[in-house]
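Below is one structure, written out as structure tokens, with a few remarks after it.
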Amino acid sequence: MPSKSTTGQAAAPNDQRPAQQSGAKNAYLLTYNAVSAVLWAGVLYQTATIGVNEVLNVHKAVAFFGNGDWPTAIQRGLSSAKVYDNLEYYTRTVQSLAGLEVLHSLVGIVRAPFLTTLMQVASRFLLVHLIASPYAFPFSTRHSPAYTTMLLAWSVTEVIRYSYFVFSLAGTGVPKLWTWLRYNTFLVLYPLGISSECWLVYQAIPLASQRNELFGYALWAILAIYVPGSYILFSHMLAQRRKIARQSRKA
């Protein structure tokens, strides 16, 4: 079972609380989480702003021709290449920073379980450095609504998660609202993010096979790994949610 922190809160995936009390560690992790929260807020703001504008523009265009239904506008708007063109490099850079979390867990700076941290970071790296990379399969990603929904799921999750740890590390206490968000929003955001990631990997398979048949098989294998991997990560978060709920009832 995952360990508890000194504040009595259960350790969660990518838990950024220090393994031992240390002023230097605490200051470093506080800075890391604060910077990460701000950077992911940038991803969220830009994705939401561009996405909403594109949906509204498409809705106006189709309404002009007498077919102004919102489902069509949303699908076409989210398929706009503007999200990819404006955010691909920025998101890749921000997500690359999370590679430090694997190191944090490995050397014991934080309490995060190494395996779950590695699995989550590795899947994200697969998407930003290969599937969605302009040097690999941009043509299967650039106009896919799954890229937009993936960024929305990632960014909302990370803004909540990193700011949660900022509250915890700052010693001010985590607001009840933030605890609720941390242990409930994943019920929607995790399936949205995982399904978006899987769809983008699936869309890249034909292009990968054209380059080398083995590349296509490799992506099929990765999709197969997503099944147990997703189950492990989601089950771990459900366990933490139950533990937090029990602690709240006792308080």
* Asked: How would you rank F234, F165, F215, going from fewest to most other Cβ atoms within 10 Å of each one's own Cβ?
  -> F234, F215, F165
* To do: Along Cα→Cβ, 7 Å out, is where each label goes; now give me the distance between the ones at T31 and I225 in nm to one decimal.
  => 3.4 nm
* Any chance you could count the Lys pairs in the chain whose alpha carbons are under 29 Å apart, treating pairs 8 or more apart or on different chains as valid? => 9
* Förster radius 45 Å - calculated FRET efficiency between S133 and R246, Cβ distance, rounded to 0.05 -> 0.55
* To do: Give the order of T47, T116 when sorted by the count of other beta carbons within 10 angstrom, beginning with the fewest.
  => T116, T47
* Starting from the Cα of L238, step 7 Å along the direction of its Cβ; do the same at T72; then give the gap between the two resulting points in nm. => 4.0 nm
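Compactness ratio of the range 23-246: Cα Rg over 2.2 N^0.38 Å, N = residue count?
1.09
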* To do: Neighbouring Cβ atoms within 10 Å as the yardstick, rank V166, V188, V38 fewest first.
  => V188, V38, V166
* Asked: Can you give the calculated 222 nm mean residue ellipticity of the chain, where each DSSP H run of n ≥ 4 adds -39,500 (n - 2.57) and the sum is split over every residue, rounded to the nearest 500 deg cm²/dmol?
  -> -26000 deg cm²/dmol
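Any read-out appearing in this document is the output of simple, stated calculations on the displayed coordinates, not a laboratory observation. On a predicted model such as this, the values are computed, not experimentally measured, just so you know. Note that we place each Cβ from the backbone using ideal geometry, even for glycine, and neighbour counts take in every protein chain shown.
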